Each structure stands twice: as C-alpha cells, then as structure tokens.
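To keep things clear, I will list the structure first and then write my remarks on it.
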Amino acid sequence: MGWATERIFLPMLKPMAPDLIDYNMPENGVFHNLILAKIKTLYKGHAQQIMHAFWGVGQMSFVKHAIFVGEDAPELEESKALAVHILNRLDKGKVLITQGIVDHLDHSSSEQFVGGKLGVDATGDEVENGVETLLSDEVLLEKIQEISSSVVGLKQYMTETKTPICVISVDKQESQLELIHKLKGFEKHIKLLVIVDHANNDLDDAYMLIWRVVNNIDAGRDIILKPFIAIDGTNKSEVDGYEREWPGDTFCTKEVLDRLQEKGLIDIDEAFIKKFGLLPF
C-alpha cells in the first residue's frame, strides 16, 4: 500500500515541487512518519522550500520527518549506502524543526492533531569534521553510566561515517532532557544520540529501532540540537509534560501465530517474528 501510494502521488507532487526527483516512504517509517526525498538542488535553501511544499499539500501535510538528499545521492531504496551519504552530510545547522498538522492516529504529540515536524537538508557537501574521539561501545557506556545510573545499554551504528549514531537504552525515571543536559562535555565522543526505553527495545534490531523512534517523537519536544543532536525516542509520560494516554505495544500471542502457520495463512520463522516485534520483547 505504501509503495503504491508513493508511485501514484509522485507525478501529482511534481507540479508543486518541480525539482523533486523521487521520494520513498520506508516500510519501518510507517508511511508519513518518515520520508526520504531526492531533489535537484538549484540554490541555497531549496531543500527547505520543498519541505514546506510537502507539509502544505494534501495528505503529505501529515509527514512528520523528511530527509532530503541531492541528485548525487544513492538510490533511495539503497538504505545502507543512503544512510552513509546522509550521515556524512548531517549538519545541525541544516536541521529544521517546525510545527504543523499530524495524523489523527499520531500518539506522540502533546496535543492531538498538531505536532512537531522535522526536516533535514542533506543535499550539500560532506561535513568537514567527524567525531573527535570515537570510543568503543563498552568504554563509552561506562563513561555515560558514571553520569547516569539509568543508562543500561549502548550500541553505536555507522561508525565509519562523519556522524556515528549512538543509541542508548534507559530505565526511564525522569525526563531525558535531564540526561542530555548531564552529557554536556561528551561532544567529542557523540554527534548524534538516540535514547530508547530498555524495557521494549533490542539495541541490535535497527529495523525496529527506527520504527519505534519515528513513532515516539514529537520533533518540537524530543529533538535537541545542543550540545549535539539528541533524540528522545522513549515513551512519554507526566515527567515529559505529556498528559495524554500513551498507548501500549500491541502484540500477537504465540498461539495465534502457530494457528495461522498451521492453516497455511502465513509462513514465518523466529527471525521474522523478531524483525517485526510480533511477540513481547
């Protein structure tokens, strides 16, 4: 359904954004929670112009997070190569955070129907500097745990790029803005930090981490650009000033999956179950 929507609406979007080459809604971005777009960049601020065009037309107004690359980028479906391309060009000075309408089913915004929007302009040249001192996962985790005992696990992704992704899991007791503030001074080790709940996330499962983070964040509240880019992908509650009801995870039971398998309706294995988080973590 997502792929069909992409292809059907691409020619309809081009009259509003004629320099749009293509766009992709990744499966684990769940339609409008994350889109990747390739454009022909003609002038400074061009990506930001098309971001606003996306957020102002029809169903694309529901898009929460949009990352734009230039025509020299890999194909949008080549996820690993594209991630390297983006992370080598990620500059917090080219990160746009604004506000607009969100989908009726979006649970992350503090107010229903209205929430934060994130636009990332990764159309330019590579940034000059990467992480000053890249530490191993074990050493970096130990240093962070000296600052906060709530941090349970840590895994770094894409360490070969200028902007490695540092993902930490926490036993959350307070707003993660407090933790981010405590990590001031870690700029030489971290350029992009993502925080998730330990209770329901596997740090080795990048597919589901992306799914959960883009679902769980409101850019206006949960993305901080100082001292580095930090994303709070944890479940929100009163400690975050969130007063709506936060939905729990929806799982199958093993019995249901077994019955479907027996009837020949699905053909799955343990890797499939883990990838899509079908059973409790």
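The values are calculated or read from the model by the stated rules, or taken from the named source; none is laboratory data. Just so it is clear, the model here is predicted, and its values are computed rather than measured. Virtual Cβ from ideal backbone geometry, glycine too; neighbours counted across all protein chains shown.
Here is the figure for the stretch 167-225: residues that are of a type in the set (K, R) and part of a helix (DSSP H, G or I) total 3.
Determine whether L134 is assigned to a strand (DSSP E or B), surrounded by 13 or more Cβ atoms within 10 Å (Cβ to Cβ) and at negative phi. The answer is no for L134. A single member of G124, G119 is surrounded by 14 or more Cβ atoms within 10 Å (Cβ to Cβ), assigned to a loop (DSSP other than H, G, I, E, B) and touching a strand residue (DSSP E or B) at 6+ places or on another chain (Cβ under 8 Å), and it is G124.
Scanning the stretch 8-18 for residues that are modelled with pLDDT of 85 or more, part of a helix (DSSP H, G or I) and loosely packed, with under 11 Cβ neighbours inside 10 Å yields a single hit, P11.
Cβ-Cβ contacts under 8 Å between residues 6 or more apart (or on different chains), taken from a first residue in the stretch 48-61 that is more than 16 Å from Q99 (Cβ to Cβ) to a second residue that is charged (D, E, K, R), are listed as I50/D19.
I'd like to know if the stretch 114-128 contains one or more residues that are of a type in the set (A, V, I, L, M, F, W, C), without any contact (Cβ under 8 Å) to a residue 40 or more places away in the chain and within 30 Å of D72 (Cα to Cα). Yes, that holds for at least one residue.
Within the stretch 225-245, restricting attention to residues that are in contact with a helix residue (DSSP H, G or I) (Cβ under 6 Å, 6 or more places away or on another chain) and under 18 Å from L87 (Cβ atoms), the residue that is surrounded by the most Cβ atoms within 10 Å (Cβ to Cβ) is G233. Scanning the stretch 186-203 for residues that are farther than 14 Å from C166 by Cβ and at pLDDT 95 or above turns up D197, H198. Name every residue in the stretch 146-166 that is of a type outside the set (F, W, Y), surrounded by 15 or more Cβ atoms within 10 Å (Cβ to Cβ) and not in a loop (DSSP other than H, G, I, E, B), in order of residue number. Result: V151, V152, G153, L154, K155, Q156, I165, C166.
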